[in-house]
Amino acid sequence: MCSTGIAVVLLKKINGLDKVLLLKRATPVFKDMWCYIGGSLEQGEQAWEAALREVKEETGITKLALYSSNTFDQIYSPVENYLYIAPVFVGIVEENQEVRLNNEHSEYKWLSFEEAKEFVTLPGNDEVLTFIEKHFIKKKPTEWLRIRVENVGE
């Protein structure tokens with residue numbers, strides 16, 4: 001099995017509270033749906049590299065600690081008749097990082113986990129958020145899942 005895409009859930013403390021970034025899609029695929037970051041791998045790219053690139057392209061955020069979440073985003077497309085499965089990464093964003101959207105999204109919101117689970121459009125996204133909350137907020141994430149690359153977070 002080979003995955004051609006990635007997903008990234010960005011987390012940030014705002015006024016001491018844990019928040020999740022959701023974006024409103026502006027492109028024909030998933031238009032007006034609220035979701036976390038997602039994208040495709042480019043030729044020769046590792047999944048974690050695609051995660052960092054997509055975060056930068058879609059939000060302008062460059063300073064974050066990146067982790068593999070050890071869970072997957074999945075969507076069945078009845079139109080194309082395929083199952084899309086993508087590894088989910090977690091980015092812990094520095095508080096001073098601001099979001100600068102590209103043309104793929106029209107709005108963004110930093111929400112509590114409870115708000116985000118109600119706000120996401122696609123079924124299953126709420127389960128991914130529940131998993132992330134359990135393993136990255138309620139528990140300290142294991143360093144084994146941390147993506148250690150020079151210049152990440154700089």
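The values are calculated or read from the model by the stated rules, or taken from the named source; none is laboratory data. Keep in mind the model is a prediction, meaning the values are calculated, not measured. Please note: Cβ atoms are built from the backbone with ideal geometry, for glycine as well, and neighbour counts cover all protein chains shown. Accessible surface areas use protein heavy atoms only, side chains included; no ligands, DNA or RNA. Shrake-Rupley method; radii C 1.70, N 1.55, O 1.52, S 1.80 Å.
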Point to revise | Every residue from the range 18-34 that is within 20 Å of ALA116 (Cα to Cα) and either assigned to a loop (DSSP other than H, G, I, E, B) or open to solvent by less than 20 Å² (accessible area, probe 1.4 Å) (or both) | key: VAL20, LEU21, LEU22, LEU23, ALA26, PHE30, LYS31, ASP32, MET33
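Here are VAL79, VAL88: which of them is among the hydrophobic types (A, V, I, L, M, F, W, C) and crowded, with 19+ Cβ neighbours inside 10 Å?
Numbers: VAL79 fails: crowded, with 19+ Cβ neighbours inside 10 Å.
It is VAL88.
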Practice item. Return the pairs, sorted by first residue and then second, in which the second residue is of a type in the set (Asp, Glu), the first residue lies in the range 42-66 and is farther than 15 Å from SER3 by Cβ, the beta carbons are less than 6 Å apart, and the residues are 6+ apart or on different chains. Key: GLU58/GLU104; LYS63/GLU94
Practice item. With the condition kept exactly as written, say whether any residue in the range 100-110 is over 26 Å from ARG148 (Cβ atoms), modelled with pLDDT of 95 or more, touching a helix residue (DSSP H, G or I) at 6+ places or on another chain (Cβ under 6 Å) and open to solvent by 40 Å² or more (accessible area, probe 1.4 Å). Key: no
Revision key, fill the gap. Filtering the range 44-77 down to residues that are among the polar types (S, T, N, Q), under 15 Å from VAL93 (Cα atoms) and at pLDDT below 95 yields THR62
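Taking the range 111-125 only, how many residues are aromatic (Phe, Trp, Tyr) and either open to solvent by 60 Å² or more (accessible area, probe 1.4 Å) or closer than 11 Å to LEU23 by Cβ (or both)?
Of the residues in the range 111-125, the ones aromatic (Phe, Trp, Tyr) are 113, 119.
Subsequent filtering for residues that are either open to solvent by 60 Å² or more (accessible area, probe 1.4 Å) or closer than 11 Å to LEU23 by Cβ (or both) retains 119.
Qualifying residue count, the range 111-125: 1.
Can you tell me which residues in the range 7-17 are of a type in the set (Val, Ile, Thr) and either under 14 Å from THR121 (Cβ atoms) or surrounded by 15 or more Cβ atoms within 10 Å (Cβ to Cβ) (or both)?
Result: VAL8, VAL9.
Might you let me know whether the range 57-65 holds any residue that is in contact with a Ser or Thr (Cβ under 8 Å, 6 or more places away or on another chain) and surrounded by fewer than 21 Cβ atoms within 10 Å (Cβ to Cβ)?
Checked the range 57-65: no residue is in contact with a Ser or Thr (Cβ under 8 Å, 6 or more places away or on another chain) and surrounded by fewer than 21 Cβ atoms within 10 Å (Cβ to Cβ).
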Review point. Among (1) in contact with a strand residue (DSSP E or B) (Cβ under 8 Å, 6 or more places away or on another chain); (2) more than 29 Å from LYS139 (Cα to Cα); (3) surrounded by fewer than 19 Cβ atoms within 10 Å (Cβ to Cβ), where does LEU41 come up short?
Key: (3)
